1. Please tell me if G55 is surrounded by fewer than 20 Cβ atoms within 10 Å (Cβ to Cβ), without any contact (Cβ under 8 Å) to a residue 60 or more places away in the chain, small (G, A, S) and in contact with a helix residue (DSSP H, G or I) (Cβ under 7 Å, 6 or more places away or on another chain).
2. Condition test on L118, is it modelled with pLDDT of 85 or more, over 21 Å from A54 (Cβ atoms) and either among the aromatic types (F, W, Y) or not in a loop (DSSP other than H, G, I, E, B) (or both)?
3. Please find, among R19, R8, the residue that is assigned to a helix (DSSP H, G or I) and of a type outside the set (F, W, Y).
4. How about the stretch 1-57: which of its residues are among the charged types (D, E, K, R) and within 18 Å of P86 (Cα to Cα)?
5. Assuming E25 fulfils every condition listed in (1) at pLDDT below 95; (2) open to solvent by 30 Å² or more (accessible area, probe 1.4 Å) apart from one, which condition is it?
6. Residue under question is Y91, and the condition is that it be within 18 Å of G52 (Cα to Cα) and aromatic (F, W, Y); does it hold?
7. Is there a residue in the stretch 90-109 that is over 12 Å from G75 (Cα atoms), among the hydroxyl-bearing types (S, T, Y) and touching a residue at least 24 places away in the same chain (Cβ under 8 Å)?
8. Considering the stretch 136-158 alone, what residues qualify as being open to solvent by less than 70 Å² (accessible area, probe 1.4 Å) and either at pLDDT 85 or above or under 17 Å from L115 (Cα atoms) (or both)?
Amino acid sequence: SVTTVTGRGTGLDDAGLARKVAVIEQALRMHRPDPTDPIDALAKVGGFEIAGIAGLILGAAACRRPVVLDGFITGAAALIAAGLQPLCREYLIASHLSVERGHQAVYRKLDLRPLLDLDLRLGEGTGACLGISLVHAAIKILTQMATFDQAGVSERTP
């Protein structure tokens, strides 16, 4: 339901949250997006930013490049992209779980586990900046760290 996935953003009070929920419910009633058709949903209740990010995700997946997701909006775009091409899920990295209530639902639908859970809500890409650092560290571990055999630590001396 709309009330289940709609959060306070950067700090709406109860009245502001109620207005936000009402606006979303009205938009859904008025435009009736088909939840099984990503293009229909995007056209009826999406925005240019979500369309642009969804296109970026599809292009990156086509080029076999990973995409680090940040907050709720990038998650919404990832849902559109995955609805159009399910294989692009393989290229998505969830940087963090924001405090936005719908963010967890997005990751559940995409079958992603976020790298971090720091109660972020700012929306300036801070989660992705932190998450990409972990991705870079993982790449270095895979490509530059010696194995036990290479380091000579797997042999026991008498």
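1. Numbers: surrounded by fewer than 20 Cβ atoms within 10 Å (Cβ to Cβ): yes; without any contact (Cβ under 8 Å) to a residue 60 or more places away in the chain: yes; small (G, A, S): yes; in contact with a helix residue (DSSP H, G or I) (Cβ under 7 Å, 6 or more places away or on another chain): no.
Against the criterion (surrounded by fewer than 20 Cβ atoms within 10 Å (Cβ to Cβ), without any contact (Cβ under 8 Å) to a residue 60 or more places away in the chain, small (G, A, S) and in contact with a helix residue (DSSP H, G or I) (Cβ under 7 Å, 6 or more places away or on another chain)), G55 does not qualify.
2. no
3. On the way: R8 fails: assigned to a helix (DSSP H, G or I).
After ruling out the rest, the residue left standing is R19.
4. The initial filter retains those residues of the stretch 1-57 that are among the charged types (D, E, K, R), namely 8, 13-14, 19-20, 25, 29, 32, 34, 37, 40, 44, 49.
Residues satisfying the conditions are D34, D37, D40.
5. (1)
6. Values: within 18 Å of G52 (Cα to Cα): yes; aromatic (F, W, Y): yes.
Against the criterion (within 18 Å of G52 (Cα to Cα) and aromatic (F, W, Y)), Y91 qualifies.
7. Looking through the stretch 90-109, at least one residue is over 12 Å from G75 (Cα atoms), among the hydroxyl-bearing types (S, T, Y) and touching a residue at least 24 places away in the same chain (Cβ under 8 Å).
8. Result: A137, A138, A146.
The values are calculated or read from the model by the stated rules, or taken from the named source; none is laboratory data. On a predicted model such as this, the values are computed, not experimentally measured, just so you know. Using ideal geometry, Cβ is built from the backbone for each residue, glycine included, and neighbour counts are taken over all protein chains shown. For the accessible areas, the whole protein counts, side chains as well, though only heavy atoms, and no ligand, DNA or RNA atoms are used. Shrake-Rupley method; radii C 1.70, N 1.55, O 1.52, S 1.80 Å.
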